[in-house]
Amino acid sequence: MISVIIPHLDQPQALSACLASLAGQTGVTQAVEIIVVDNGSKVLPVETCSAFASVTLLSEPIPGPGPARNRGVAHASGEILAFIDADCLAGKGWLAEIERQFSADPERSILGGDVRIAYEDADHLTMLEAYESVFAYRMKEYIAKQGFTGTGNLAMRAEVFSAVGRFGGIEVAEDRDWGQRALRQGYRTHYCPGMIVYHPARKTFAELAQKWDRHTAHDFVRIQAKSAWRLRWVARTLAVALSPAAGLLSIIRSDRITGLRSRALAFVVVVLIRLYRAAIMLGLTFGGSAAKMSGRWNRKTVA
């Protein structure tokens, strides 16, 4: 059996679309159970989940996608655990590819797939769609360089999760933390380009900024454990502020967008977001609260 685990927070319409994409899977031969774990929504998505077969709805009071996923794993019955986010759409062969990969190689224990942007109009990309097509969800690069993949498109054998342990809480980047713990224990994450999930681009710059608030706070906590951390952090801040030129080269080389208009839009966002990141990094250097920044994923306060 494959157990699909979905953390959810106040996204009932997106969750419905995600569940519909899972209901439309083709080629998978194993039984599939779907576990939605609500993480503090104003209204539990009872009606949304009950509209689909084989969906169990649970609740996790501890804020953060990591604790929500842990709750789902504790309830799961499958030998394979597959993770997707509530605002993602599974490609039609997503589960079949996961099944095929694990069946073809008994030694393969963790899989990370391709995450692409779901366009509203493929002929007229928005500014954030153009930017995120190039710079967001670069799972192949994360796996090759840092040994982890995003939990929005992740699959593993249940026995590996038991060996590595639970996902971290909201104070860490739980996908990177878990993947690198797995790597230290000898489990390698394999990139699977045919294991495709689609993620909508963020609608506003504020949503993109919120993502970087959380990632920057996590990076700040990690670097404080190193010697001369403040000097390292200031150097990193300067590198981020000066990085749009390198971003332009990535945009020119990218095969995920086409046309001058889309590339120009992507570069505008690169400049804006790199300057924003540099500003919040400076704020942390001079006394900003990393805990407050990372805690914005959920409206509740970590207990």
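The values are calculated or read from the model by the stated rules, or taken from the named source; none is laboratory data. Given the structure is predicted, the values throughout are model-derived calculations rather than measurements. Please note: Cβ atoms are built from the backbone with ideal geometry, for glycine as well, and neighbour counts cover all protein chains shown.
Residues in the range 8-20 include none that are surrounded by 23 or more Cβ atoms within 10 Å (Cβ to Cβ) and among the charged types (D, E, K, R). Would a scan of the range 168-188 turn up a residue that is surrounded by fewer than 15 Cβ atoms within 10 Å (Cβ to Cβ), basic (K, R) and touching a residue at least 60 places away in the same chain (Cβ under 8 Å)? Checked the range 168-188: at least one residue is surrounded by fewer than 15 Cβ atoms within 10 Å (Cβ to Cβ), basic (K, R) and touching a residue at least 60 places away in the same chain (Cβ under 8 Å).
Each row is one residue, and each column tells you yes or no for (1) in contact with an Asp or Glu (Cβ under 7 Å, 6 or more places away or on another chain); (2) touching a residue at least 60 places away in the same chain (Cβ under 8 Å).
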site	(1), (2)
Q11	yes, yes
A31	no, no
I35	no, no
K42	yes, no
F52	no, no
G66	yes, yes
A86	no, yes
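Just a yes or no: is a residue in the range 210-219 in the same structural domain as R230 (by TED's automatic domain parsing), of a type in the set (A, V, I, L, M, F, W, C) and either within 28 Å of R261 (Cα to Cα) or assigned to a loop (DSSP other than H, G, I, E, B) (or both)? Yes, the conditions are met somewhere in the range 210-219. Once the range 78-100 is narrowed to residues that are in contact with a strand residue (DSSP E or B) (Cβ under 6 Å, 6 or more places away or on another chain) and over 19 Å from A118 (Cα atoms), the residue that is surrounded by the fewest Cβ atoms within 10 Å (Cβ to Cβ) is G78.
When the range 26-40 is examined, which residues are found to be surrounded by 16 or more Cβ atoms within 10 Å (Cβ to Cβ) and in contact with a helix residue (DSSP H, G or I) (Cβ under 8 Å, 6 or more places away or on another chain)? Hits for the range 26-40 are V28, V32, I34, I35, V36, V37, D38, N39.
Of all residues in the range 149-179, those satisfying the criterion of being assigned to a loop (DSSP other than H, G, I, E, B) and within 25 Å of G40 (Cβ to Cβ) are G150, T151, G152, G165, R166, F167, G168, G169, I170, E171, V172, A173.
With respect to the conditions (1) touching a strand residue (DSSP E or B) at 6+ places or on another chain (Cβ under 7 Å); (2) at pLDDT below 90, L154 falls short on a single one, namely (2).
For the range 101-121, taking the residues that are of a type in the set (S, T, N, Q) and under 19 Å from K140 (Cβ atoms), the one that is surrounded by the most Cβ atoms within 10 Å (Cβ to Cβ) is identified as S109. Yes or no: L231 surrounded by 14 or more Cβ atoms within 10 Å (Cβ to Cβ), in a helix (DSSP H, G or I) and modelled with pLDDT under 95? No, not satisfied.
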